[in-house]
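Chemist: Sharing a structure with you now.
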Amino acid sequence: MSPIVSRLVLAAASYLLGAFPTGYVAVRLRSGRDVRSQGSGGTGATNVIRASGWATALVVAFLDILKGAAPAWLALRWFADPVYAALAGSLAVLGHCYPVFIGFRGGKGVAAAAGAMIVLAPLPTAAALGVFLAVTAAFRFVSLGSILAAAAFPAFVGAFGPDRIVALASLPIVLLILLRHAANIRRLLAGQEPKLGAKAGGRG
(Lines give C-alpha, C1' and ligand atoms only; values in the text may rest on other atoms or scores of the structure.)
Protein backbone atom coordinates (compact mmCIF):
# COMPACT_ATOMS: atom_id res chain seq x y z
CA MET A 1 0.00 0.00 0.00
CA SER A 2 1.44 3.37 -1.00
CA PRO A 3 2.07 6.04 1.67
CA ILE A 4 -0.67 8.26 0.24
CA VAL A 5 -3.23 5.45 0.30
CA SER A 6 -2.12 4.49 3.81
CA ARG A 7 -2.71 8.04 4.99
CA LEU A 8 -6.13 8.16 3.36
CA VAL A 9 -7.11 4.85 4.95
CA LEU A 10 -5.99 6.02 8.38
CA ALA A 11 -7.80 9.33 7.92
CA ALA A 12 -11.06 7.52 7.12
CA ALA A 13 -10.54 5.09 9.99
CA SER A 14 -9.87 8.00 12.37
CA TYR A 15 -13.24 9.57 11.55
CA LEU A 16 -15.10 6.25 11.80
CA LEU A 17 -13.49 5.38 15.13
CA GLY A 18 -14.35 8.80 16.48
CA ALA A 19 -17.88 8.39 15.14
CA PHE A 20 -18.54 5.27 17.20
CA PRO A 21 -21.26 6.64 19.55
CA THR A 22 -19.89 5.49 22.89
CA GLY A 23 -22.29 7.45 25.08
CA TYR A 24 -25.30 6.55 22.95
CA VAL A 25 -24.48 2.82 23.06
CA ALA A 26 -23.65 2.83 26.78
CA VAL A 27 -26.93 4.47 27.79
CA ARG A 28 -28.89 2.23 25.43
CA LEU A 29 -27.35 -0.85 27.01
CA ARG A 30 -27.79 0.50 30.52
CA SER A 31 -31.36 1.78 30.39
CA GLY A 32 -32.70 1.38 26.86
CA ARG A 33 -33.00 5.15 26.49
CA ASP A 34 -31.57 7.48 23.87
CA VAL A 35 -29.09 9.78 25.64
CA ARG A 36 -29.87 12.44 23.04
CA SER A 37 -33.37 12.75 24.49
CA GLN A 38 -31.88 13.74 27.86
CA GLY A 39 -30.38 17.02 29.03
CA SER A 40 -28.40 18.77 26.31
CA GLY A 41 -29.03 16.06 23.72
CA GLY A 42 -25.32 15.30 23.44
CA THR A 43 -23.66 11.91 23.65
CA GLY A 44 -20.66 12.95 25.74
CA ALA A 45 -19.85 12.02 29.31
CA THR A 46 -21.39 15.16 30.85
CA ASN A 47 -24.81 14.33 29.43
CA VAL A 48 -24.35 10.63 30.23
CA ILE A 49 -24.05 11.65 33.90
CA ARG A 50 -27.57 13.05 33.70
CA ALA A 51 -28.96 10.11 31.78
CA SER A 52 -27.23 7.16 33.45
CA GLY A 53 -25.04 8.28 36.34
CA TRP A 54 -21.36 8.70 37.10
CA ALA A 55 -20.25 5.08 36.66
CA THR A 56 -21.45 4.93 33.07
CA ALA A 57 -20.12 8.41 32.36
CA LEU A 58 -16.60 7.52 33.55
CA VAL A 59 -16.50 4.52 31.22
CA VAL A 60 -17.73 6.67 28.34
CA ALA A 61 -15.16 9.38 29.07
CA PHE A 62 -12.33 6.83 29.13
CA LEU A 63 -13.40 5.26 25.84
CA ASP A 64 -13.87 8.68 24.22
CA ILE A 65 -10.33 9.62 25.25
CA LEU A 66 -9.08 6.42 23.60
CA LYS A 67 -11.01 7.28 20.42
CA GLY A 68 -8.92 10.42 20.07
CA ALA A 69 -5.64 8.96 21.29
CA ALA A 70 -5.53 5.88 19.05
CA PRO A 71 -5.55 7.65 15.65
CA ALA A 72 -2.96 10.21 16.75
CA TRP A 73 -0.71 7.49 18.21
CA LEU A 74 -0.98 5.31 15.09
CA ALA A 75 -0.25 8.28 12.84
CA LEU A 76 2.87 9.14 14.81
CA ARG A 77 4.03 5.53 14.90
CA TRP A 78 3.48 4.87 11.21
CA PHE A 79 4.37 8.23 9.66
CA ALA A 80 6.34 10.12 12.35
CA ASP A 81 4.48 13.26 11.29
CA PRO A 82 2.98 15.34 14.14
CA VAL A 83 0.96 17.50 11.75
CA TYR A 84 -0.65 14.46 10.15
CA ALA A 85 -1.16 12.98 13.61
CA ALA A 86 -3.01 16.17 14.60
CA LEU A 87 -5.12 15.80 11.47
CA ALA A 88 -5.96 12.20 12.40
CA GLY A 89 -6.90 13.35 15.88
CA SER A 90 -9.00 16.16 14.42
CA LEU A 91 -10.90 13.67 12.27
CA ALA A 92 -11.60 11.51 15.32
CA VAL A 93 -12.96 14.56 17.14
CA LEU A 94 -15.02 15.46 14.08
CA GLY A 95 -16.43 11.94 14.06
CA HIS A 96 -17.31 12.18 17.74
CA CYS A 97 -19.11 15.47 17.20
CA TYR A 98 -20.84 14.44 13.97
CA PRO A 99 -21.15 10.63 14.00
CA VAL A 100 -22.41 9.12 10.76
CA PHE A 101 -23.85 6.12 12.63
CA ILE A 102 -26.53 8.08 14.55
CA GLY A 103 -27.51 10.91 12.26
CA PHE A 104 -24.52 13.20 12.89
CA ARG A 105 -25.74 14.13 16.39
CA GLY A 106 -22.85 13.49 18.79
CA GLY A 107 -20.98 15.10 21.66
CA LYS A 108 -18.85 18.18 22.20
CA GLY A 109 -15.53 16.52 21.40
CA VAL A 110 -13.63 17.42 24.56
CA ALA A 111 -12.65 13.92 25.71
CA ALA A 112 -11.67 12.79 22.21
CA ALA A 113 -9.61 15.96 21.77
CA ALA A 114 -7.91 15.38 25.11
CA GLY A 115 -6.93 11.90 23.98
CA ALA A 116 -5.39 13.17 20.77
CA MET A 117 -3.53 15.97 22.50
CA ILE A 118 -2.19 13.69 25.25
CA VAL A 119 -0.36 11.81 22.50
CA LEU A 120 0.84 14.91 20.65
CA ALA A 121 1.72 17.22 23.54
CA PRO A 122 1.46 15.61 27.00
CA LEU A 123 2.72 18.54 29.08
CA PRO A 124 0.51 21.22 27.45
CA THR A 125 -2.43 18.82 27.71
CA ALA A 126 -1.75 18.37 31.43
CA ALA A 127 -1.71 22.16 31.82
CA ALA A 128 -5.01 22.46 29.92
CA LEU A 129 -6.47 19.70 32.11
CA GLY A 130 -5.42 21.74 35.13
CA VAL A 131 -7.37 24.70 33.75
CA PHE A 132 -10.40 22.48 33.17
CA LEU A 133 -10.32 21.00 36.68
CA ALA A 134 -9.71 24.34 38.40
CA VAL A 135 -12.48 26.18 36.54
CA THR A 136 -14.96 23.32 36.87
CA ALA A 137 -14.24 22.92 40.58
CA ALA A 138 -14.50 26.66 41.22
CA PHE A 139 -17.65 27.39 39.21
CA ARG A 140 -19.19 23.93 38.61
CA PHE A 141 -19.64 24.68 34.92
CA VAL A 142 -18.18 21.81 32.87
CA SER A 143 -18.76 23.82 29.70
CA LEU A 144 -16.78 26.81 30.99
CA GLY A 145 -13.91 24.56 32.03
CA SER A 146 -13.91 22.90 28.61
CA ILE A 147 -14.02 26.19 26.72
CA LEU A 148 -11.20 27.82 28.67
CA ALA A 149 -9.03 24.69 28.58
CA ALA A 150 -9.45 24.37 24.80
CA ALA A 151 -8.74 28.07 24.26
CA ALA A 152 -5.62 27.90 26.44
CA PHE A 153 -4.15 24.77 24.85
CA PRO A 154 -2.46 26.37 21.80
CA ALA A 155 -0.83 28.93 24.09
CA PHE A 156 0.47 26.15 26.34
CA VAL A 157 1.90 24.34 23.32
CA GLY A 158 3.50 27.55 22.09
CA ALA A 159 5.00 28.21 25.51
CA PHE A 160 6.49 24.83 26.37
CA GLY A 161 5.31 22.24 23.86
CA PRO A 162 7.68 19.71 22.28
CA ASP A 163 6.85 20.97 18.79
CA ARG A 164 5.32 24.40 18.31
CA ILE A 165 3.85 23.44 14.95
CA VAL A 166 1.43 21.30 16.97
CA ALA A 167 -0.07 24.57 18.25
CA LEU A 168 -1.12 25.45 14.71
CA ALA A 169 -2.11 21.90 13.85
CA SER A 170 -4.35 21.74 16.92
CA LEU A 171 -6.33 24.86 15.99
CA PRO A 172 -9.01 22.93 14.02
CA ILE A 173 -9.72 20.86 17.13
CA VAL A 174 -9.88 23.95 19.33
CA LEU A 175 -12.19 25.76 16.91
CA LEU A 176 -14.46 22.73 16.62
CA ILE A 177 -14.77 22.46 20.39
CA LEU A 178 -15.60 26.17 20.67
CA LEU A 179 -18.16 25.83 17.86
CA ARG A 180 -19.81 22.89 19.61
CA HIS A 181 -20.04 24.99 22.79
CA ALA A 182 -21.69 27.99 21.10
CA ALA A 183 -25.03 27.37 22.84
CA ASN A 184 -23.24 26.92 26.18
CA ILE A 185 -21.44 30.24 25.68
CA ARG A 186 -24.77 31.97 25.07
CA ARG A 187 -26.28 30.43 28.20
CA LEU A 188 -23.22 31.33 30.28
CA LEU A 189 -23.50 34.94 29.19
CA ALA A 190 -27.22 34.90 29.98
CA GLY A 191 -26.69 33.27 33.37
CA GLN A 192 -28.75 30.23 32.33
CA GLU A 193 -26.10 27.50 32.13
CA PRO A 194 -26.78 24.60 34.54
CA LYS A 195 -24.04 23.55 36.90
CA LEU A 196 -22.44 20.14 37.27
CA GLY A 197 -24.93 17.72 38.78
CA ALA A 198 -28.02 19.27 37.16
CA LYS A 199 -30.86 16.86 36.51
CA ALA A 200 -31.59 15.33 33.13
CA GLY A 201 -33.84 18.20 32.17
CA GLY A 202 -30.92 20.65 32.25
CA ARG A 203 -28.62 21.51 29.41
CA GLY A 204 -24.89 21.25 29.10
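Chemist: Just one of Ile147, Ile185, Ile177 is surrounded by 14 or more Cβ atoms within 10 Å (Cβ to Cβ), among the hydrophobic types (A, V, I, L, M, F, W, C), at pLDDT 90 or above and touching a Gly at 6+ places or on another chain (Cβ under 6 Å); which is it?
Modeler: On the way: Ile147 fails: touching a Gly at 6+ places or on another chain (Cβ under 6 Å); Ile185 fails: touching a Gly at 6+ places or on another chain (Cβ under 6 Å).
Residue meeting the stated conditions: Ile177.
Chemist: Need a quick list: helices (runs of 4 or more DSSP H) entirely within region 136-182 having at least 2 residues that are touching a residue at least 60 places away in the same chain (Cβ under 8 Å), closer than 17 Å to Val83 by Cβ and not small (Gly, Ala, Ser).
Modeler: 165-169, 171-180
Chemist: For region 1-11, what are the residues that are among the small types (Gly, Ala, Ser) and in contact with a helix residue (DSSP H, G or I) (Cβ under 8 Å, 6 or more places away or on another chain)?
Modeler: The answer is Ser6, Ala11.
Chemist: Taking the options Ala128, Ala57, Ala85, name whichever one is within 16 Å of Leu175 (Cβ to Cβ) and either free of Cβ contacts under 8 Å to residues at least 40 places away in the same chain or not aromatic (Phe, Trp, Tyr) (or both).
Modeler: From the options Ala128, Ala57, Ala85, the qualifying one is Ala128.
Chemist: Can I ask one more? So which residues in region 68-94 are within 13 Å of the chain's Cα centre (by Cα), closer than 15 Å to Ala114 by Cβ and surrounded by 24 or more Cβ atoms within 10 Å (Cβ to Cβ)?
Modeler: Result: Gly68, Gly89, Ser90, Ala92, Val93.
Chemist: Could you check how many residues of region 105-164 are on the phi > 0 side of the Ramachandran plot and either aromatic (Phe, Trp, Tyr) or more than 12 Å from the chain's Cα centre (by Cα) (or both)?
Modeler: Adding up the residues that qualify gives 1.
Chemist: Additional query: Tell me which of these Ile165 doesn't satisfy, since it passes every other one: (1) closer than 21 Å to Ser90 by Cβ; (2) β-branched (Val, Ile, Thr); (3) buried (at least 20 other Cβ atoms within 10 Å of the Cβ).
Modeler: (3)
Chemist: Sticking with this structure for a sec: Among the residues of region 45-64, write down those that are outside any helix (DSSP H, G or I) and modelled with pLDDT of 95 or more.
Modeler: Answer for region 45-64, where residues must be outside any helix (DSSP H, G or I) and modelled with pLDDT of 95 or more: there is none.
Chemist: Identify the residue in region 108-125 that is touching a residue at least 60 places away in the same chain (Cβ under 8 Å) and under 14 Å from Leu66 (Cα atoms) and, among all such residues, is surrounded by the most Cβ atoms within 10 Å (Cβ to Cβ).
Modeler: This residue is Ala112.
Chemist: Now for a different question. Got a number for residues in region 6-33 being more than 21 Å from Leu94 (Cα to Cα) and free of Cβ contacts under 8 Å to residues at least 24 places away in the same chain?
Modeler: 5
Chemist: Please go through region 92-121 and give me each residue that is closer than 20 Å to Tyr24 by Cα, in a helix (DSSP H, G or I) and in contact with a Pro (Cβ under 7 Å, 6 or more places away or on another chain), ordered by number.
Modeler: Passing the criteria: Ala92, Phe101, Ile102.
The values are calculated or read from the model by the stated rules, or taken from the named source; none is laboratory data. Everything quoted here is computed from the prediction, not taken from an experiment. Using ideal geometry, Cβ is built from the backbone for each residue, glycine included, and neighbour counts are taken over all protein chains shown.
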